[in-house]
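The values are calculated or read from the model by the stated rules, or taken from the named source; none is laboratory data. Computed from a predicted model, the values in this text were never measured in an experiment. Methodologically, a virtual Cβ is constructed for each residue, glycine included, from the backbone with ideal geometry; neighbour enumeration extends over all protein chains shown. Heads up: the accessible areas ignore ligands, DNA and RNA and are worked out on the full protein's heavy atoms, side chains in. Shrake-Rupley method; radii C 1.70, N 1.55, O 1.52, S 1.80 Å.
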Amino acid sequence: MVDLDLLDYLEGYLTEERKQRFLEVLQLRTKHITVAIEDVFQMHNTSAIIRSCDVFGVQEVHVVEDRFARMLDKNIAMGAEKWVDVHKYHNTSACVAALKQQGYQIIATTPHDNSTLLSDFFPEQKSALFFGTEKGGLSEEVMQKADGFLKIPMVGFSESLNVSVAAAIIIQEVAHKVRTSHLDWRLTDDEILDKRLDWTKKSIQHVKGIIKRYYAD
């Protein structure tokens with residue numbers, strides 16, 4: 001439960017433009033779709049995918065760091081990790097289980113022939129879009145546990161795209177479909193308040209000391 005008095009106090013440190021920007025962005029954020037990144041070797045690809053989630057309004061990202069655990073490339077993410085909630089897992093099983101428990105269907109992005117074309121895909125229910133390693137793609141575990149398969153139609157000689165490019169295309173298309181649909185895709189009022197407080201804290205220098213003084217008064 002968000003302390004509304006604390007939120008009001010901390011927002012006093014922000015400009016009106018900053019506060020309004022937070023509200024505008026949060027009105028277009030969604031958790032109806034989420035993104036999962038499985039063991040991507042090149043960290044700049046993981047960071048680029050997180051940035052795409054921020055740009056296209058996806059609030060949560062799930063990162064499996066089984067073999068290639070590293071720090072995010074903050075130069076590529078360009079601060080996006082401040083605005084997107086990144087959840088990390090040590091293995092794929094934990095990630096899939098957590099998402100299924102939250103009511104997400106698992107959608108594996110793969111060029112396999114039985115995959116649904118991006119243009120034909122609509123996430124009627126909450127959907128977790130899984131992206132895999134640059135060379136090997138998604139693990140067999142994800143493929144076995146997936147509720148559906150999704151691919152980008154391609155008409156050239158190349159049979160694949162860089163994972164961060166493919167993710168950007170898919171996230172933009174699916175997020176647009178969700179936002180222009182009948183679905184209840186927006187964040188709840190409580191989720192918006194939680195993000196307002198979180199983003200406000202991240203926007204204020206020495207915020208821990210300010211909060212300490214607030215509660216001491």
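Each principal axis of region 1-50 carries a Cα extent, and these read 43, 22, 19 Å when sorted largest first.
Would you mind working out the magnitude of the charge dipole of the chain relative to its Cα centre, with +1 at each Lys and Arg C-beta and -1 at each Asp and Glu C-beta, to the nearest 20 Debye?
Roughly 480 debye for the chain.
In terms of Cα atoms, the Rg and Dmax of region 135-217 work out to 21.0, 67 Å.
Rg and Dmax of the chain, based on Cα coordinates, read 18.5, 67 Å. Highest GNM mean-square fluctuation among G103, G137, G12, for the chain modelled with Cα contacts below 10 Å: G12. Per-peptide packing, taken as the mean over residues of other Cβ atoms within 10 Å, places 121-131, 176-186 in the sequence 121-131, 176-186 from highest down. Cα extents for region 85-183 along the principal axes, largest to smallest and rounded to whole angstrom: 38, 36, 26. A dipole drawn for the chain from +1 and -1 charges on Cβ atoms has a positive end, and of G137, T180, I49 the residue lying farthest that way is I49. DSSP beta bridges fully contained in the chain are about 10 percent antiparallel.
When only the Cβ of Lys, Arg, Asp and Glu is charged (+1, +1, -1, -1), the dipole of region 103-183 relative to its Cα centre reaches about 260 debye. If the segment from V155 to V2 were pulled out straight at 0.36 nm per residue, it would be longer than the present Cα-Cα gap by 50.1 nm. In a GNM of the chain with a 10 Å cut-off on Cα contacts, which of A167, A108, A97 has the highest mean-square fluctuation? Looking only at A167, A108, A97, the largest GNM fluctuation is found for A97.
Taking Lys and Arg as +1 and Asp and Glu as -1, the other residues whose beta-carbon sits under 11 Å from that of H62 total -3. For region 96-217, the per residue solvent-accessible surface stands at 58 Å², with DNA, RNA and ligands left out and a 1.4 Å probe.
Carbon and sulfur atoms: what percent of the 1.4 Å accessible area of region 1-63 do they account for? Exposed carbon and sulfur together represent 52 percent of the surface. Ignoring lysines fewer than eight residues from K202 along the same chain, the ones with Cα atoms less than 24 angstrom from its Cα are K19, K31, K74, K82, K88, K212.
Springs between Cα atoms under 10 Å define the GNM used for the chain, and in it the highest mean-square fluctuation of T15, T188, T200 occurs at T15.
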